[in-house]
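The values are calculated or read from the model by the stated rules, or taken from the named source; none is laboratory data. This one's a predicted model, so the numbers in the text were calculated from it and none came from an experiment. Heads up, the Cβs are rebuilt from the backbone with ideal geometry, glycines too, and the neighbour counts pull from every protein chain shown.
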Amino acid sequence: MTRVGTVYKVQPQPWEEADTRWVDAGPVRFGVEWRDVDPAALLATYGEGTADMAEIVERSPEGGFYDRGVSIHVCATGSGHEYLRFDVFDDDPHYHYVDTSGEANRVVAFDSTANGEMLPWVLDRLRTRLATMLEGADAADVAAEVSAADLGQLRAAVDTVERLATEARTTGASTTKASS
């Protein structure tokens, strides 16, 4: 399978459990979270003077990485490992293939010129290409479970993800940490 994107050694910033709504879908769970990302939040997660923080600073735009939006997490129900993450952010929309080794995280920039708005694109991927994308994240066993799963259950779960993501986008700006 073609490997697209930029590989980082640092893992994605963990989700905030209190801010994440989970939707069970058989072999996978989808998490929907509104996120505000800024240099202070990244520093709090990764710590000053760490190799992870050094990599983030090195790859961040001048002044640091600031963005916000909905993240959709795709985790294996059995292991809890997050294999895919879609960051439907305002300024830098992208998605992740997260390696189970904890040593790699492939980030793929989203091309809105070619693909349109990201949230509908993500929902379509979850409905039609989830197993293929899981294979791209080296999760062939989870992909096989998704392929064999109850299609109705998966569709219903993605419908719930759509509702939650739309709600988060509507209310996120008024409930962000930055505004509290």
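Taking the condition of being polar (S, T, N, Q) and free of Cβ contacts under 8 Å to residues at least 40 places away in the same chain, how many residues in segment 59-88 meet it? Steps first, answer last, please.
Taking segment 59-88 as the starting set, the residues that turn out to be polar (S, T, N, Q) are 60, 71, 77, 79.
Still in the running and free of Cβ contacts under 8 Å to residues at least 40 places away in the same chain: 60, 79.
Residues that pass the stated criteria total 2.
Just give me the residues in segment 20-63 being touching a helix residue (DSSP H, G or I) at 6+ places or on another chain (Cβ under 9 Å), of a type in the set (Phe, Trp, Tyr) and under 30 Å from Ala131 (Cα atoms), in sequence order.
Listed by number, the residues that qualify are Phe30, Trp34.
Which residues, counting only those in segment 8-20, are surrounded by fewer than 16 Cβ atoms within 10 Å (Cβ to Cβ) and more than 14 Å from Val37 (Cβ to Cβ)? It would help to see each step written out before you state the result.
Initial filter on segment 8-20 (surrounded by fewer than 16 Cβ atoms within 10 Å (Cβ to Cβ)): 9, 14, 16-18.
Those that are surrounded by fewer than 16 Cβ atoms within 10 Å (Cβ to Cβ) and more than 14 Å from Val37 (Cβ to Cβ): Lys9, Glu17, Ala18.
Restricting segment 21-50 to residues that are of a type in the set (Asp, Glu) and either under 18 Å from Arg106 (Cβ atoms) or modelled with pLDDT under 95 (or both), which is surrounded by the fewest Cβ atoms within 10 Å (Cβ to Cβ)? Don't jump to the end; show me each part of the working.
So in segment 21-50, the residues of a type in the set (Asp, Glu) come out as 24, 33, 36, 38, 48.
Those still in the list that are either under 18 Å from Arg106 (Cβ atoms) or modelled with pLDDT under 95 (or both) too: 36, 38, 48.
Details: Asp36: 18, Asp38: 15, Glu48: 8.
Among residues in segment 21-50 that are of a type in the set (Asp, Glu) and either under 18 Å from Arg106 (Cβ atoms) or modelled with pLDDT under 95 (or both), the one surrounded by the fewest Cβ atoms within 10 Å (Cβ to Cβ) is Glu48.
Can you find a residue in segment 64-78 that is touching a helix residue (DSSP H, G or I) at 6+ places or on another chain (Cβ under 8 Å), surrounded by fewer than 20 Cβ atoms within 10 Å (Cβ to Cβ) and assigned to a helix (DSSP H, G or I)?
no
For the structure I just gave you, tell me whether Ala44 is under 21 Å from Gln13 (Cβ atoms), over 17 Å from the mean Cα position of the chain (by Cα) and in a helix (DSSP H, G or I). Even if it seems obvious, please write down each step before you answer.
Working: under 21 Å from Gln13 (Cβ atoms): yes; over 17 Å from the mean Cα position of the chain (by Cα): yes; in a helix (DSSP H, G or I): yes.
Yes: the conditions hold for Ala44.
Give the residue, chosen from Asp159, Asp150, Asp124, that is among the acidic types (Asp, Glu), at pLDDT 95 or above and more than 16 Å from the chain's Cα centre (by Cα). So that I can check it myself, show each step before the final result.
On the way: Asp150 fails: at pLDDT 95 or above; Asp124 fails: more than 16 Å from the chain's Cα centre (by Cα).
On inspection, the qualifying residue turns out to be Asp159.
Name the residues in segment 108-137 that are surrounded by 18 or more Cβ atoms within 10 Å (Cβ to Cβ), free of Cβ contacts under 8 Å to residues at least 40 places away in the same chain and not in a helix (DSSP H, G or I), would you?
Of everything in segment 108-137, just one residue is surrounded by 18 or more Cβ atoms within 10 Å (Cβ to Cβ), free of Cβ contacts under 8 Å to residues at least 40 places away in the same chain and not in a helix (DSSP H, G or I), namely Phe110.
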